Structure formats: C-alpha cells, structure tokens
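The values are calculated or read from the model by the stated rules, or taken from the named source; none is laboratory data. Because the structure is predicted, anything quoted here is derived from the model rather than measured. FYI the Cβ positions are ideal-geometry reconstructions off the backbone, even for glycines, and counts take in every protein chain you see. Ligands, DNA and RNA are excluded from the accessible area calculation, which covers all protein heavy atoms including side chains. Shrake-Rupley method; radii C 1.70, N 1.55, O 1.52, S 1.80 Å.
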Amino acid sequence: MLWLYILLGIALFVALVMFIPITLRASYKENFWCAVYIGFVKLQFVPAKPKKEKKKVKKQTPKTEQPKKATEKKPSLIKKYGIEWLLNLIKRVAELAVSALQDFFSHILVKKFSLSISVAGDDAADTAIKYGKYCAVVYPAVGTIVRVVKCKGYGVDINPNFSEKAETEINFDFTARIFAFRLIGLAVKHGIKGLKLLAEVKNEL
C-alpha cells in the first residue's frame, strides 16, 4: 500500500503544480511598475531591486596567443541553396511563430485593464491635435487586444485637458493570468513542431 500512497502523493503534487496561476501585473502612475507572480512567489522586474556590489577581482595579464591561420570562408546559404529556399524557410518559421502566439494569447485571461489619459498641449489647438492622435492609436490597439485575449473587464478613458500649464497624465493598471499547465502544453505542442522544422532544415542542408 505504501507505493500507492507515494503515487497518489506524486500525482497530487503534479496536479497542484500544473494549476499554479502565473499572473502578470503592471501599472503606471508617474513611474512604471511590473511584476510576475508564480503562485505566491513574486518576481519584480521594474523597478529592479538594487544589486549587491561584487568584489573586484584582479585581472590576470592575458597570455600572448599565436595568430590563427586564416580559414576559408564557406559559401552563404543563399548562394548554396538559392533565395527561394531561404524565403520558404522564413515563411515556415513565421507561420510557426504566429501559430504559437495566437495559441498563447487565446489562453490568457485579462482580469483588469484600465487606461486613463488626460491629454494636454501647448495651447487649445495643440491639445486637440494630440487628443485626436492619441484616440487614433489607443482605441484600435485596445480593440485588438480585447479581440485576441479573453478580457474580464477593461476601461479606456481619453480626455483633452484645455487648462493652462496642464501636462499630459497617464494612469495604467493591468492584470493578466495564465495557468502553468497551459504554458507547459503550449511549450510541448509548439516545441515539437519547432523540432520537426529544425530536423527538416537539417536534412535539407
């Protein structure tokens, strides 16, 4: 019976690991802040924590090396296999990358997406022009994000500020989550495709 309990314990541990949520949180209000949470473990990227100063190690004087003999240059892949072969390879790699990204984004859940921009310029005319530019860029970009990923809640608010001496202000808050088993599944699925493509390229060379 002991081996059965061990197997059940291992299966339970693997299940818990697979369902660990990986959460990305980012915000901007005067300063940018970004961190990734793997379960309860926090990995802060911005602002980065100050690194400890390392002790300086005395550099040893390098030994004089003998000059290497000039090697013959190998012909480039384009000259050897032709431009069509290279373009076809680029196309296949791009298709694999697009497929992996689409698959990845389809499993992301955006729990919070909040963006507020107060647009200000040098004068009223400049403010109006900047406001139009911000709207033309931000709203389509947010629309694309909402279509690609699962979005639980989002809000975008862009307003012109015609007050004198006003400055453009941006407030941003973002939280997205994906489970570990999704990442592992994607890595295995597209990793196998990548290895197959690499094997095909090696056979062609």
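Note on Lys189/Val138: beta-carbon distance plugged into 1/(1 + (r/R0)^6) with R0 of 41 Å gives a FRET efficiency of 0.75.
Considering the convex hull of the alpha carbon atoms of the range 107-200, report its projected area averaged over all viewing directions, in nm², one decimal.
Working: hull surface 34.0 nm².
The Cα convex hull of the range 107-200, projected and averaged over all directions, gives 8.5 nm².
Tell me, what is the FRET efficiency for His107 and Asn161 to the nearest 0.05, using R0 = 45 angstrom and their Cβ-Cβ distance as r? Once rounded, the FRET efficiency stands at 0.70. For Ile38 and Arg147, the difference between the fully extended length at 0.36 nm per residue and the C-alpha to C-alpha distance is 36.7 nm. A straight line joining the Cα centroids of the range 168-190 and the range 24-44 runs 12 Å. Protein-only accessible surface at a 1.4 angstrom probe places the residues Trp3, Trp33 in the order Trp3, Trp33, largest first.
Within the range 104-176, which chymotrypsin sites (Phe, Trp or Tyr not before Pro) sit in a loop by DSSP and count at most 14 neighbouring Cβ atoms inside 10 Å?
Phe162
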